[in-house]
1. Residue by residue through the stretch 184-233, note down the ones that are in contact with a Gly (Cβ under 9 Å, 6 or more places away or on another chain), among the hydroxyl-bearing types (Ser, Thr, Tyr) and farther than 15 Å from residue 153 by Cβ.
2. Criterion first (farther than 27 Å from residue 265 by Cα and in contact (Cβ under 8 Å) with a residue 40 or more places away in the chain) does residue 165 satisfy it?
3. Which residues, taken from the stretch 262-279, are at pLDDT below 95 and open to solvent by 50 Å² or more (accessible area, probe 1.4 Å)?
4. Being in contact (Cβ under 8 Å) with a residue 12 or more places away in the chain, open to solvent by 30 Å² or more (accessible area, probe 1.4 Å) and under 27 Å from residue 262 (Cβ atoms), is that true of even one residue in the stretch 334-344?
5. Test residue 416 against the stated conditions and say whether it is open to solvent by 30 Å² or more (accessible area, probe 1.4 Å) and modelled with pLDDT under 95.
6. If you check residue 262 against the conditions, is it free of Cβ contacts under 8 Å to residues at least 40 places away in the same chain, among the charged types (D, E, K, R) and farther than 26 Å from residue 308 by Cα?
7. Does the stretch 272-294 include one or more residues that are basic (Lys, Arg) and within 27 Å of residue 396 (Cβ to Cβ)?
8. What is the residue count in the stretch 386-408 for residues that are touching a strand residue (DSSP E or B) at 6+ places or on another chain (Cβ under 8 Å) and farther than 11 Å from residue 430 by Cα?
Amino acid sequence: MSHPEAELNRHLSATHVVCCLFCPLPIRLKEVMLTLEEEKQASLSFWDVTRTSDWDERFRNTGLALRYRFWCYWERVMRPLKHKEEQFSHSAVRCSQREGANRGREGYLDVRDKGRVAQVCIAWRDASYHNLQARGIRRVQILSLRRSLSYVIQGMPNIESLNLSGCYNLTDNGLGHAFVQEIPSLRVLNLSLCKQITDSSLGRIAQYLKNLEVLELGGCSNITNTGLLLIAWGLHRLKSLNLRSCRHVSDVGIGHLAGMTRSAAEGCLNLEYLTLQDCQKLTDLSLKHISKGLTKLRVLNLSFCGGISDAGMIHLSHMASLWSLNLRSCDNISDTGTMHLAMGTLRLSGLDVSFCDKIGDQTLAYIAQGLYQLKSLSLCSCHISDDGINRMVRQMHELRTLNIGQCVRITDKGLELIADHLTQLAGIDLYGCTKITKRGLERITQLPCLKVLNLGLWQMTESEKVRSECLVKKLLSTSGSVEYLQRRSSSEGARKDGNK
């Protein structure tokens, strides 16, 4: 008995059970497997899988659906190959060999199952990832780099999106080997949390990815102003740039992006989305550069930028295209800053000043005067009260989302004002509003468009909590207005750093 047959007989009982479970009929594995000679001619690697000691473990990991398709494949494709002399000429068989066999194997699998197939063995992995372009795949996410990045890039000349987020072992050298010629089709590149990437890689990107529109560099802490100069020099079509936590970026780098150094770089004047969250070296001068050069900007995230102050809001107040501004945890922003925004020509749709300790009721009055077109407003942990709510709600007819979590001065009176005037409200955050009771909750749940209600951290006795829960259940069963109710326990604590 040859070695393959002996190996098969050792696994015969187990494989027979597998066949009974995952095939229409109890077909024995021996009946559907090729001989070694036929396998050699077809250049298949099935025997490489079956002869290992972890046979059962590999097939348990591939999933029920994949196993069923696998057996269907052997019945539909490989069994007819036993009679290939009657169906095909020898030249046709040799011409197809490995590539033809691999394509046939993949014909019965969708994209998800192909990914599972790649985990069976090295040969199957290579077959699954070979010639990605031929299978119409143009968007790729790589979770861990075990091979050179150039292996993927070379096989996909028309790639449109490449996500390398979290690939901690990606270096300038590896990225340099991948980008050695222009890739005009690539539009989206995500390098978030690739902490070994430096300005050198940005030079390669600016040189060979001229058509890039989205660049994610969040958490790439080695990026400096020099890297932004290279971006401003080469990526003129860039529309979205994320520089979250790039700690070395300063006003000089933002000036490069805004085209303030035209002698060296034209700038990224088509930017529409810019994230500068937690860039601690930025000051109001950066906002001046942005207002002058990035006139097409629509979304600006300045959260956790401690160097931004009220004076910088004067520069932003005349950006007519800007519709979303995030000033979350900007400690130097006060009522004066919101006054500057309200007195300008802004048409903001979304404003976030959560955790700005100097924001109070006066801000709500300014918003009602000049930013009344807002659809989303976040005031979490701000020093606002029912009086401020009263000054705001009568003008905010378009408001859809209101976040006033941890505003401990809000009471049932404030909720009644919201329920009476903000009739289009679809979502409200009341997390940590410890002075509201079931009376205010009853009023707020009567809003006709309400879909999202966030509660939690109520300072109530156990009996009051039980009564409140019963009230919510009753309101949900009768009105049906609240589709989603998120309730958090008091053990969660404050959320000031939750989005950082």
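1. Selection gives 192, 198, 200, 224, 226.
2. yes
3. Selection gives 262, 263, 264, 266.
4. There is no residue in the stretch 334-344 that is in contact (Cβ under 8 Å) with a residue 12 or more places away in the chain, open to solvent by 30 Å² or more (accessible area, probe 1.4 Å) and under 27 Å from residue 262 (Cβ atoms).
5. Answer is no for this residue.
6. Here the answer is no, as residue 262 does not meet what is asked.
7. The answer is no; no qualifying residue exists.
8. Total meeting the criteria: 6.
The values are calculated or read from the model by the stated rules, or taken from the named source; none is laboratory data. Since this is a predicted model, take the numbers as computed values, not measurements. Glycine gets a Cβ as well: all are built from the backbone with ideal geometry, and neighbour counts include every protein chain shown. The accessibility values were calculated without ligands, DNA or RNA, using every heavy atom of the protein model including side chains. Shrake-Rupley method; radii C 1.70, N 1.55, O 1.52, S 1.80 Å.
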